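Enquirer: The structure under discussion is supplied below as structure tokens; questions concerning it will follow.
Laboratory data are not the source of any read-out in this text; all were calculated from the coordinates shown. The shown structure was predicted, so the numbers you read here are calculated from the model rather than taken from an experiment. Cβ coordinates were reconstructed from backbone atoms using ideal geometry, including for glycine residues, and neighbour counts include every protein chain displayed.
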Ligand code: SF4
């Protein structure tokens, strides 16, 4: 009856204070990364579903300001 649950949670973080508003992340993974009215990034969700993990990581890697981080816990 021991159910071993090893599900990994993927979290995404955005530092809007250093976001330059280039919008690259939004182009790569619009499901998670959004731009507000001022053109600054915000997150649709803090938790990345498995199917969006690659896109979220790619979007974070492409950020010229290094404002994005995806962490698997
Ligand atoms: S790629 Fe980086 S700098 Fe550009 S909008 Fe996204 S978080 Fe902001």
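Enquirer: Relative to the longest principal axis of the C-alpha atoms of the chain, give the angle of the C-alpha long axis of helix 53-62, reported between 0 and 90° and rounded to the nearest 10°.
Expert: Rounded to the nearest ten degrees, it is 30.
Enquirer: Can you tell me how the range 6-45 classifies by the Cα gyration tensor, rounded, prolate or oblate, using a/c under 1.5 as the rounded cut?
Expert: Prolate is the answer for the range 6-45, as a/c is 1.5 or above and a/b outweighs b/c.
Enquirer: Among 10-16, 41-47, how do they line up by average Cβ neighbours within 10 Å per residue, starting with the highest? All intermediate terms of the calculation are to be shown ahead of the outcome.
Expert: On the way: 10-16: 16.4, 41-47: 14.6.
Going from most to least packed, we get 10-16, 41-47.
Enquirer: Be a star and scan the range 27-45 for residues whose amide nitrogen sits under 11 Å from the point 7 Å along the Cα-to-Cβ vector of residue 54.
Expert: So the set is empty, nothing qualifies.
Enquirer: Among rounded, prolate and oblate, which fits the chain when a ≥ b ≥ c are the square roots of the eigenvalues of its C-alpha gyration tensor, a/c under 1.5 means rounded, and a/b larger than b/c means prolate?
Expert: Prolate, because a/c is 1.5 or more and a/b exceeds b/c.
Enquirer: How do 50-62, 24-36 rank on mean C-beta neighbours within 10 Å, highest first?
Expert: 24-36, 50-62
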